[in-house]
Structure formats: structure tokens, C-alpha cells
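*Asks:* Before we start, here is the structure in question, set down as C-alpha cells.
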Amino acid sequence: MTSRRANSRQATARRAPWWKKLLFSLLATVLFFALLEVALWLCGVQTVASTDDPYVGFAGNLPLFVEQTDEQGQANMVTARGKLAWFNEQHFPREKPPGVRRVFCLGGSTTYGRPYDHRTAFSGWLAELLPLAAPDATWEVINAGGVSYASYRVTGVMRELARYEPDLFIVYTGHNEFLEDRTYGELRDKPAALLETAGLLSRTRTYSVLHRLIARESKPQQQPTRLPEEVDAVLDHSVGPSAYEREGLQREAVLEHFRWNLQQMIAIARECGAEIVFVVPASNLKDCSPLKSQHRAGLSDEESAQWRRLFDEGGEFARAGEFGEALSAYDKAIELDDRYAELHFRRGRMLLALDRPAEATTAFGRALEEDVCPLRAPTAFCDAVREVAAASEVPVVDFELLVKNDCLARHGHNAPGEEYFLDHVHPTIAGHKFLATAILEALREQGAFGEVHALSDEQIATAERRILERIDPRDHAVALRNLAKVLNWAGKHDEAGRLAQKSLEAAPDDPESLLIAGAWLKSQGRLDEAIDHLQRSVSGMPEYADARQLLGAVLVDAGRLDEAREQFAALARLRPDDAHAWQMQGAILAEQGKYAESLEFYQQALALNADDADLHYNLGFALLRLDRRVESETHLRRAVELNGRDAEAHYQLGRLLEAAGRREEAVAQFQAVLRLVPDHRGAREALSP
């Protein structure tokens, strides 16, 4: 009987389908880990994702907001004093009052409101517009945008802010991902699927316990990059964008980290019960040339020379208004090298001038993608915001698309420029208003905060008046001037000059703005205006040597030599060790035919810089005009030794040797001239029978 029952059970077991056994096993496993997760949660264990970034770590943990008690005894959170170099000064009650909707705006300098501040940023507009659009709640909008903050720093700020009862996070990020220098080690070689799986597991407490136990017992070979507490940008340690190299950008690894941070932000918001809205970052395409261009690898010397000739030829045609010819030259240059960002930008400008907007937009987009100093969010990063948000059903304000569509409707092309941006990425005040109204529309569609009404033009205009009335025009002029200085330092002289001109509208006597604008006017060939600006700059900063040097140079170009010499004399008094100041005085005297008087200035310059080829040439030429041939030969020979490609130095030395009856030596110099300048008329005549 026992045997029969045993056999019956075995038969039943044999009849049970394999998938049922697998299902029961999976259910048991899931139940076990679910119970384990609950137990760990009750014990206060936090997930790795909530506390650690596998890509980077931070050297410190200073909070953005610190507690401060006011005169009424209320505890407020205020921006930490040590953070004010990067953040706006903000404050809000430690405990959120009943009926208040608390909104944190996060991101980089666009969120901050650069070059101005939070008052004209989209957060400032929202603070004015939300009470009008949703009057049933009391709105509290806090600007937590940090200058130069990338997504990994924004994530850290968001973790802190999650403790303060947020209702909504608005995140505008993507432009600063390459700003800090960091490496990713083996992370860049791991498959995306593996990284994504690890990211999912890092959100469980079971994984957290195992991860920390293993980490405690083992010595990891690779640690995340340790970043300082505050931003330590590549640009702060260089002469500008020149520090960037194409092969050092690690684009895929940076993009993967960016996506990971976006996912963390969603998890943080949901864990604290807040809503989140992402903004797709927008960039200036039409009026911002690339910050750094780099040739393709493997370009030969011959190809490089041909490319440069075509590039320069295109520039000459463009300045002459011959846009078709300029485009033709640029197209030929692209056949040789299609990786040089500035070339695509210039080509876009020509296509726009020729009323070919679709092709122009494509060219501007390629210029952005090839920029070796990518401080405008590349397309892949904008797409990542859209994709991560869509996967988690998070609302998105596609600012990039909105600006392009608005530009198309208003201007007939979708390559936005200075109509929307002050520089490469920072919107104008009107641009921030545009973004704020788009965010309101997204909140209205989302419906998470009850009824959000559409605003009338009159309501928006009233809010705009209130915002602008609180702004000191001179403060904005200073902000524009400071931005112009940064752009000028980064080599963006055209953009800097235009901003400086805008600054002068509110502060017409600001000497620094006058200097930057004067340099820009000089580059445009507007010499009289440049001289006026620079003279006013010198009046405001009489001890600023660079202003006098530039004014002197413009006066020389304008043929006002006596005035120019006065500026270089003043420059020599301010900087007596400046060889250029002495050389220019000598050159001006020589230009006026006063060769004997020029000698003492050339010699003073030579004592300061004995290896300047131009200086030796100028001195040699002056001595030649004074018939001091032996001394002249010494300096002309030194000039060609220092710069063998100086055709004029070879020519003058040849003339001196010819006059001295040293025909064979003279012929060698004239032949050198023709190798450098094949159509040099004087050398050809000197060699003719």
C-alpha cells in the first residue's frame, strides 16, 4: 500500500509541467527578495543609487542650504555663504507651510540666470506667473541652479533638496557635461546593457548590502574620479578652449553618465513624492561660432596648405559680399577636411545669406557636433533627455524644438541665434520668458497641480513690468560686460564685441566695455568709431596699458601717426620692459622718414628682445636708409636667420649685397624671395639679365 501511494506521487510529479515548477521557483525567489527588501527598508538601509555615483565621487559634502533662525524664531534654509560664488542667494522656510507648492529649479548657469541672476531667469518668471496661472495654491519657487554645474553635480543638489518637501523639480541640464576634466577608466569599455542592469540593481537594498560587504572585503582596482566640492573647470586651468582635444572627450562614456544621472533624478523625485519636469537644452546655432575647431586626423601637409588657401579665400569672398563664391571655396575645403567645425559654421552663414535655410541649419548643426570644446549640448545629449523622460513617463519641455520652431515662424529658418541667446547658450530675458510660459503649458497639460490656467498677453505683460522694474539697468550692463570679457578671453571676439556694444547702451562710459567694443569695431574696419571708443576707454582707465596699446595700433591703421606715437610712449612709461612699445615708436618715426631718430627706440627694444626677427629687419632697413651698410647687413642677416620665410628681409639683404658688388650672394637672396613669393616683382627684375 505504501509502495502504491509512493508510486502515485511519483507519477503525479512526472505529470507536473516544467513551466509550473519554474514559475513556483520564481515566485518563491521574488517573494523572498521582496520580504528581504522590506526588512532592509525597515532597518533603514539605503540603496547604492540613492547615495553613490559609480562614475564620480566628491571630495566634500558641504550643503547648499544651511539653517538660519529669523527674528520671529522661524527656521529658514538659506544659501550657504561659501556657495554664493556659484548660486543665487535664496531662502525658504525649513518646514513647508500648509497650502504651499514648493518648486526647485535645478541645472547649470542657464537655470542660475547668467549673465544676470534669478530675477530674470525662467525661475523668476515662474515666480510671477504661477500665482496668476494657478491662484488656488501659494507658490514658492527656489532657484538652485549652479554656475558650470553638470548633471552629476545637479543630482547631488537634488538629493539634498529632496529633504525639504518639494512638490516639483524643474531640471535644465546638458550643456556642462564636458566642462570638468575627468576619466572613466574601464566604465567606457563596458556594454551599455551591463551598465543599465547594474543601474537597476543599484536601486535595491539587497544589492546595496552585498555591494558594501564585497567592497569592504576587497580592494577595488578602479575608484570613481574624485571631484572637488565645487566646480573645477578645464577652462579655469587653461588659456581657454585650447585645452580641449577631440580624442580626449570620451563622448560615449560622458553620455552614459549623463543618462544615468537623469535616471537618478527621476528616482529621487519619486522617492520623495515630487513631480519632475525636464527641459531639453537649446543652443545658439546661427550667431555662435564653435569654441574650438580641429582638423581631421591624417591631413597631409599638402592637403593642409590647400585647405587653408580655400578657407582664407572663402573668408575674403564673404567679406566682399560674394557669398556664392565663398560657399564654393568652403565646399572645396570640406572635400579635403570635413571635421573642422568653424568651416561648417561659415558655410552655414553663407547658405543663410543665399536664402537656403534648410541647408544652413544642417551646416550649423554639424558645426555644433564637431566643436572640440562642446559647451553646447550635442544632439545625443538632447536626445537622451527626451528618451530617458519618455521611458519613465516624465514630462518634457522641448526648449530646443520650441526655439527652433519659433525661429522658423518668425525668421524663416530654424537656426536660432542672437534673437534668443546672449552667447552660446544663455537665453535673453525674453528667451527666459518664452521658456517659463512653455513650462506653464507643460504643467497645465500634466494636471498634477490641479487647474493651471492659460495666461493672457496682458497678464504676462504685467508680470514682465514687475520683473523689469526691479532691475537696475547698470547692473545688467555690468553683467553683459562681464560676459563679453569671458567670451573675449575664450577667443569669441565677434560675440564679445556685440555684447559689449549692448552693454554700452545702459552704461555708455564703461571703460572695459568700450575697450572690447573698440577692438571689435577695429576688426570690422570701422576705424573712426573704434578710435572714439578706445579714447574714451583710455580716459576712464589711463593706467591700463592694453587699452593704450590697442588705441595706438588703431591710430596707426588710420594714419594718425603722431597720436599713435603718443600712445606708445605712454605705454612705454607704463611698461618699460615692453619691447613692442619701444619698437612701435621707432617704426612710426621710420614711417615718417625720421630714420636717425628711430634708431634709439629700435635699440632699446633690441635690448629687451634680441631674438625678434621683425625688430632686426626694421633696424636693418633704417640703417640701410642711413647708408650704414655694414650694420644694416648684420641685422638683415639676423632677421633671415630668425625667420627664413621673411621674403622682404631676403629682398632688402639682396639689394644691399647687389649694391656692394656681391652679385653671387645677392642672387641667392633674390632666389630665396622667389621661392617664398613667386610673383615678387622686385626679385624678378633683380635676377633678369
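*Asks:* Report the FRET efficiency, 1/(1 + (r/R0)^6), for S392 and E359, where r is their Cβ-Cβ distance and R0 is 41 Å, rounded to 0.05.
*Replies:* 0.65
*Asks:* Something else about it: Local charge sum around A506 (other residues, Cβ-Cβ under 12 Å, Lys/Arg +1, Asp/Glu -1)?
*Replies:* Result for the neighbourhood of A506: -2.
*Asks:* Also: Calculate the length of the line joining the C-alpha centroid of the range 291-357 to that of the range 640-684, in whole Å.
*Replies:* Distance between centres, Cα-based: 34 Å.
*Asks:* Modelling each spin label as a point 7 Å along the Cα-to-Cβ direction, I'd like the S539/A297 distance in nm, to one decimal.
*Replies:* Distance between the two pseudo-spin positions: 5.7 nm.
*Asks:* Right, another one. Using the reciprocal of the averaged 1/r over all distinct C-alpha pairs, how large is the Kirkwood radius of the range 273-357 in Å?
*Replies:* Value: 14.4 Å, from the Cα pair sum.
*Asks:* Around A517, what is the net charge, scoring Lys/Arg as +1 and Asp/Glu as -1 over all other residues with Cβ under 15 Å from its Cβ?
*Replies:* -2
*Asks:* Okay, next question. Starting from the Cα of L84, step 7 Å along the direction of its Cβ; do the same at A430; then give the gap between the two resulting points in nm.
*Replies:* For L84 paired with A430, the spin-label model returns 3.4 nm.
*Asks:* Skipping prolines and chain starts, which residues have an amide H placed within reach, meaning under 5 Å, of the one on R101, given they are 5 or more residues away or on another chain?
*Replies:* T138, W139, E140
*Asks:* Using the Kirkwood radius over Cα pairs, work out the Stokes-Einstein diffusion coefficient for the range 377-498 at 37 °C and 0.692 mPa s, in µm²/s as a whole number.
*Replies:* Estimated via Stokes-Einstein, D reaches 193 µm²/s.
*Asks:* Heavy atoms of the protein only, probe of 1.4 Å, neighbouring chains included. What is the accessible area of S123 in Å², nearest 10?
*Replies:* 10
*Asks:* Where the Cα atoms of the range 68-190 are projected onto their three principal axes, how long is each span, largest first, in whole Å?
*Replies:* Its Cα atoms span 53, 31, 29 Å along the three principal axes.
*Asks:* For the range 457-469, in order, what is each residue's ³J(HN,Hα) by Karplus, 6.51 cos²θ - 1.76 cosθ + 1.60 with θ = phi - 60°, in whole Hz (x at glycine and Pro)?
*Replies:* In residue order, the calculated couplings are 4, 5, 5, 5, 5, 5, 4, 4, 4, 5, 5, 5, 5 Hz.
*Asks:* Here's something else I'd like to know. Assuming R0 = 56 Å, what is the FRET efficiency of R410 and A659, from their Cβ-Cβ distance, to the nearest 0.05?
*Replies:* It comes to 0.25.
*Asks:* Given labels modelled 7 Å from the Cα in the Cβ direction, how far is it in nm from E160 to T462?
*Replies:* It is 3.7 nm.
*Asks:* Taking a threshold of 22 Å on the Cα-Cα distance, which of the pairs K286/K404; K502/K522; K332/K404; K83/K492; K286/K492; K83/K433 fall above it?
*Replies:* K332/K404; K83/K492; K83/K433
*Asks:* What area, in nm² and to one decimal, does the C-alpha convex hull of the range 556-689 cast on average over all directions?
*Replies:* Convex hull of Cα atoms, orientation-averaged projection: 8.5 nm².
*Asks:* Another question about this same structure. By the scheme Lys and Arg +1, Asp and Glu -1, what is the net charge of all other residues having a beta-carbon under 10 Å from that of A558?
*Replies:* Neighbour charge sum, excluding A558 itself: -1.
The values are calculated or read from the model by the stated rules, or taken from the named source; none is laboratory data. What you see is a predicted model, and the numbers here were worked out from it, not measured in a lab. All Cβ positions, glycine included, derive from the backbone under ideal geometry; neighbour counts span all protein chains shown. Accessible surface is based on the protein model in full, side chains and every heavy atom, while ligands, DNA and RNA are left aside. Shrake-Rupley method; radii C 1.70, N 1.55, O 1.52, S 1.80 Å.
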